[in-house]
1. Starting from segment 58-69, keep only residues that are hydrophobic (A, V, I, L, M, F, W, C), then list their pairs with residues that are open to solvent by 80 Å² or more (accessible area, probe 1.4 Å) whose Cβ atoms are within a distance under 7 Å, requiring at least 6 positions of separation or different chains.
2. Using beta carbons and a limit of 8 Å, which pairs, at least six apart or on different chains, have the first residue in segment 19-35 and assigned to a loop (DSSP other than H, G, I, E, B) and the second one open to solvent by 30 Å² or more (accessible area, probe 1.4 Å) and not hydrophobic (A, V, I, L, M, F, W, C)?
3. Only residues that are assigned to a strand (DSSP E or B) and at pLDDT 90 or above: list them for segment 78-91, please.
4. I'd like the full set of residues that are open to solvent by 50 Å² or more (accessible area, probe 1.4 Å), under 21 Å from P8 (Cβ atoms) and within 11 Å of the chain's Cα centre (by Cα), limited to segment 76-104.
5. Does any residue of segment 50-65 turn out to be open to solvent by 40 Å² or more (accessible area, probe 1.4 Å), charged (D, E, K, R), out of contact with any helix residue (DSSP H, G or I) (no Cβ under 6 Å at 6 or more places or on another chain) and in a strand (DSSP E or B)?
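The values are calculated or read from the model by the stated rules, or taken from the named source; none is laboratory data. Predicted, not measured: the structure shown is a model, and the values here were computed from it. As a convention, Cβ positions derive from the backbone with ideal geometry for all residues, glycine included, and neighbour counts pool all protein chains shown. Side chains are part of the model used for accessible areas, which takes the heavy atoms of the whole protein and leaves out ligands, DNA and RNA. Shrake-Rupley method; radii C 1.70, N 1.55, O 1.52, S 1.80 Å.
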Amino acid sequence: SAELRQRPLLAGRYRLEELIASGGMATVWRATDEQLGRAVAVKLLDEILASHERLQAEARAIARLIHPNIVALYNVGREAGHPFLVMPLVAGPSLREELAQRGRLPRGEAVDLLAQLLMPWRLRMLL
């Protein structure tokens, strides 16, 4: 990912600006789509963990899900061997940050949050 950070534009259009989060399988960057002039999130996946077929299958699955609780997928691609996903940049804290600040959620709030998270997948299973 350091190699990609030094490139002027990812895929000729996305300028990586600030690291938002990183984990074992991916890093997420705040970026600007220079073609459309909008802020986006770019998720750079570990090249070892994401084959071309897997990336395309996951991108198609995400693109089929349309729900207020699921972020849209703008683009998918590969640059310098690294697969990437481009999504809208969502303002606000992550669930991890929220839990770190507030601690354990009250049971009712946790159940409501879980229901919101599961609803799109339940709808997909029914279709």
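1. Pairs that qualify, where the first residue is hydrophobic (A, V, I, L, M, F, W, C) and the partner is open to solvent by 80 Å² or more (accessible area, probe 1.4 Å), are L65/R124.
2. G24/D46; M25/D46; E34/R13; E34/R15; Q35/R13
3. F84, L85, V86, M87, P88
4. Correct list: L89 only.
5. There is no residue in segment 50-65 that is open to solvent by 40 Å² or more (accessible area, probe 1.4 Å), charged (D, E, K, R), out of contact with any helix residue (DSSP H, G or I) (no Cβ under 6 Å at 6 or more places or on another chain) and in a strand (DSSP E or B).
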